[in-house]
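Only the coordinates and a few stated rules stand behind these numbers; no lab work does. Here the structure is a predicted model, which means the values were calculated and not measured. Cβ placement follows ideal geometry from the backbone for every residue including glycine, while neighbour counts extend to all protein chains displayed.
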Ligand code: COA
């Protein structure tokens, strides 16, 4: 078969059962449901309640994606795991997942590119499939944020935003030139790395993490963010990369049936939709229920959009992300 494109064959997702509402956080820190909803659109997020790693949720999402694709774990010949919150420092989540799924001794690696990680993984799998290096690729985005957040008033700007979850897709080749991933577009700019980052544990320090990293006014052991700065860059880079993906295929915003953006902040997505003159009915948002699950947010949103019938055959769908790094990315596909 001549491979002209890669298609998504199946999708899965997994979120912890424990729902943490804004009011639950307000009992632990100086915040309010009103503040969080107004600034971010988040009403609740999921947090794990027992020891659970990104690959535990990733396994559940991957198994659903495999089932819906009609593919067995033995058929998978590439695993890519996107995460900024791996179960352990090393080896990679992708390696851990191959053991959990019982795959053959296939290539498996992690992508650590924060909110853009899933699209970076998707682009890598797409390239390997089109090059004939893989026929059944599993791309997972999985995150456990809750164990690494400062859920006191000191960490409230970041602590209220993030949630735990995982999503997965199975990809395979198609010879249908009109369907599948039309193009992917990846960008990074490390100039603003410190505007959204987690410094410790840091290999440049001995020991890598010290007691004071979890102490003081602005500790390096918790994620730190310049919210307004990140917001401004997000609302510039999102439309840029969405337009880039359409331009590359001779298409326009009017051709787009559905935008599935990374879920960082409802206001960011509304701002982007308004700037592009894209009707909000064409934008998938579920941040109200899950918060920002970084690399997992796009496959979780895709899963929901398929389940509720918002994604249908022949639709032009754009996935787009922006996040720490900074990194930003898009994938345009004909469903
Ligand atoms: N509850 C209550 N108050 C909070 C708070 C919380 N959870 N978090 C921060 N505040 C306070 C701040 O301490 C600050 O107080 P000060 O004015 O006394 O210093 C004030 O609220 C800031 O409010 P405002 O200026 O209205 O915040 P904002 O409109 O910039 O919204 C964010 C803050 C974080 C929601 C917003 O900047 C944002 O979403 N940025 C992008 C974040 C993002 O997308 N990150 C992930 C990228 S992938």
Inset, instruction - Please determine, by comparing only the residues of region 271-280 that are touching a residue at least 12 places away in the same chain (Cβ under 8 Å) and farther than 16 Å from residue 319 by Cβ, which one is farthest from the ligand (Cβ to nearest atom). - result: 277
Legend entry - Options 30, 89: the member that is over 22 Å from residue 151 (Cβ atoms) and either loosely packed, with under 15 Cβ neighbours inside 10 Å or free of Cβ contacts under 8 Å to residues at least 24 places away in the same chain (or both): 89
Legend entry - Among the residues listed as 295, 313, the single one being part of a loop (DSSP other than H, G, I, E, B) and more than 10 Å from the ligand (Cβ to nearest atom): 313
Legend entry - Search result, residues across region 321-335 that are touching a helix residue (DSSP H, G or I) at 6+ places or on another chain (Cβ under 8 Å) and either more than 14 Å from residue 257 (Cβ to Cβ) or not in a strand (DSSP E or B) (or both): 321, 322, 323, 324, 325, 326, 327, 328, 329, 330, 331
Legend entry - Odd one out for residue 283, checked against (1) more than 15 Å from the ligand (Cβ to nearest atom); (2) surrounded by fewer than 16 Cβ atoms within 10 Å (Cβ to Cβ); (3) farther than 22 Å from residue 57 by Cβ: (2)
Legend entry - Residue match in region 72-81 (condition: within 14 Å of residue 295 (Cβ to Cβ) and part of a helix (DSSP H, G or I)): no
Inset, instruction - Output the number of residues of region 245-262 satisfying the condition of being in a loop (DSSP other than H, G, I, E, B) and either more than 9 Å from the ligand (Cβ to nearest atom) or more than 24 Å from residue 114 (Cα to Cα) (or both). - result: 6
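Identify the residue in region 1-24 that is out of contact with any helix residue (DSSP H, G or I) (no Cβ under 6 Å at 6 or more places or on another chain) and buried (at least 21 other Cβ atoms within 10 Å of the Cβ) and, among all such residues, is nearest to residue 177 (Cα to Cα). Before you say what the answer is, go through the steps one by one.
First, pick out the residues of region 1-24 that are out of contact with any helix residue (DSSP H, G or I) (no Cβ under 6 Å at 6 or more places or on another chain): 1-2, 4-5, 7-8, 15-21, 24.
In the following step, the residues that additionally are buried (at least 21 other Cβ atoms within 10 Å of the Cβ) were identified as 8, 15-16.
Values: 8: 14, 15: 35, 16: 38 Å.
Per the criteria, the residue is 8.
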Inset, instruction - Please state which one of 38, 114, 74 is over 21 Å from the mean Cα position of the chain (by Cα) and within 16 Å of the ligand (Cβ to nearest atom). - result: 38
Inset, instruction - Specify the residue that is farthest from residue 186 (Cα to Cα); the eligible residues are those in region 215-244 that are in a loop (DSSP other than H, G, I, E, B) and within 13 Å of the ligand (Cβ to nearest atom). - result: 217
